[in-house]
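See below for the structure under consideration.
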Amino acid sequence: MDAGSLVGLIGAAAGLAGGGIGTYVSYRNSGGPEERRFVVRGSVALFTGIVAFLVLLLSLPPAGRLIAWVPYCVLLPLAITGLNRRLQAIRSRESPPEKPLTPECSGLSPQDGKPARSDMRRAQRSGRP
């Protein structure tokens, strides 16, 4: 085995490992059931498309390989950005709406937005300004 083949095998192994780790982390960080389902389906679709591209590269003559790179370089980034947008839409649908910060939560008086008197008294007792 020459050095070029060894580097190619190491690169392929690193690529597969990176794809597997990325898929696992995306699945683990997904929230609801719809998001998990989408992560699995999107990962399978991308993996299938990349494997099909690699099979095409190995089966085409050298001139055809160059032509095969054109749709791959256009479609892969488009697919990734489209999947990311759809994932973000699913996340926004599944996540509960954020509660606005109310004066009670922030320690401010609901009437004038100043610190509540009880907080001011505690600060005076502790010697803080």
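For labels at ARG65 and ALA13 in the simple 7 Å Cα→Cβ model, what's the distance in nm?
For the pair ARG65/ALA13, the computed spacing is 2.2 nm.
If R₀ is 35 angstrom, what is the calculated FRET efficiency for the pair ASP2 and LEU87, using the beta carbon separation as r and rounding to 0.05?
0.25
Can you check how the C-alpha radius of gyration of the stretch 9-92 compares to 2.2 N^0.38 Å, as a plain ratio?
Compactness ratio reported: 1.25.
Where a number appears in this text, it was derived from the coordinates with a stated rule and is not lab data. Quick caveat, the model's predicted, so the values are computed rather than measured. Counting neighbours? That spans all protein chains shown, and the Cβs are built from the backbone with ideal geometry, glycine included.
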